[in-house]
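Input: a single structure, listed below in C-alpha cells.
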Amino acid sequence: MAKIMIVDDAAFMRITIKNMLTKSEHEVVGEAENGKIAVERYKALNPDIVTMDITMPEMDGLEALKQIVAYDPGAKVIMVSAMGQEAMVRDAVMSGAKGFIVKPFKEDGILAAIAKLK
C-alpha cells in the first residue's frame, strides 16, 4: 500500500483517481489543484508517489515536478497527460518523472504505473 498525493486542476479527475487508488487499498494522503500547492503539500506530506497532471493553472506540472525533484531527488512522480502531449511527457521524464499515464486512462493502467514504483 502506497501513500499517494493526487495533483490535478480538475476536481472530477482527482476524485476518479482517488476512487481507483483507494479501491486497491492505496492511501491518498493529499490532493492539490495546481503545481504551486503540490510542491507545498509534497514537503508537508512526504507521499510515496505523486500523480501529476501536466496542464494546470498557476504552476504547471512540469515546473512542479522540477521543484519536487530538486527538493527530493528520490521523489516518485507519475505524470498524467492528455493525448498529444508527447513532447511534454518527454520533458517530464528528462526532468525526473518516473512514469506517465495518458488520459483518458483505465483503472488497470494507473494501478500498473503505481505498482512499478512501489
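The values are calculated or read from the model by the stated rules, or taken from the named source; none is laboratory data. It should be emphasised that the depicted structure is a prediction, and the values quoted were computed from it without experimental measurement. Virtual Cβ from ideal backbone geometry, glycine too; neighbours counted across all protein chains shown. Note: accessible area is taken over every heavy atom of the protein model, side chains too, but ligands, DNA and RNA are not part of it. Shrake-Rupley method; radii C 1.70, N 1.55, O 1.52, S 1.80 Å.
Filter the helices (runs of 4 or more DSSP H) completely within region 1-89 down to those with at least 1 residues that are out of contact with any strand residue (DSSP E or B) (no Cβ under 6 Å at 6 or more places or on another chain), closer than 17 Å to Glu107 by Cα and not basic (Lys, Arg). By residue number, 11-23. Just one of the listed residues (Lys36, Lys118) is in contact (Cβ under 8 Å) with a residue 40 or more places away in the chain and open to solvent by 80 Å² or more (accessible area, probe 1.4 Å), and it is Lys118.
Listed residues Asp91, Asp108, Asp72; which is modelled with pLDDT of 90 or more and among the acidic types (Asp, Glu)?
Only one candidate passes the filter, namely Asp72.
For region 70-89, the set of residues classified as open to solvent by less than 90 Å² (accessible area, probe 1.4 Å), more than 19 Å from Ser24 (Cβ to Cβ) and among the charged types (D, E, K, R) consists of Asp72 only.
Applying the condition of being modelled with pLDDT of 95 or more and β-branched (Val, Ile, Thr) to region 39-69 and asking which residue is surrounded by the fewest Cβ atoms within 10 Å (Cβ to Cβ) yields Val69. Of all residues in region 90-106, those being out of contact with any Ser or Thr (no Cβ under 8 Å at 6 or more places or on another chain) and either open to solvent by 40 Å² or more (accessible area, probe 1.4 Å) or part of a loop (DSSP other than H, G, I, E, B) (or both) number 11.
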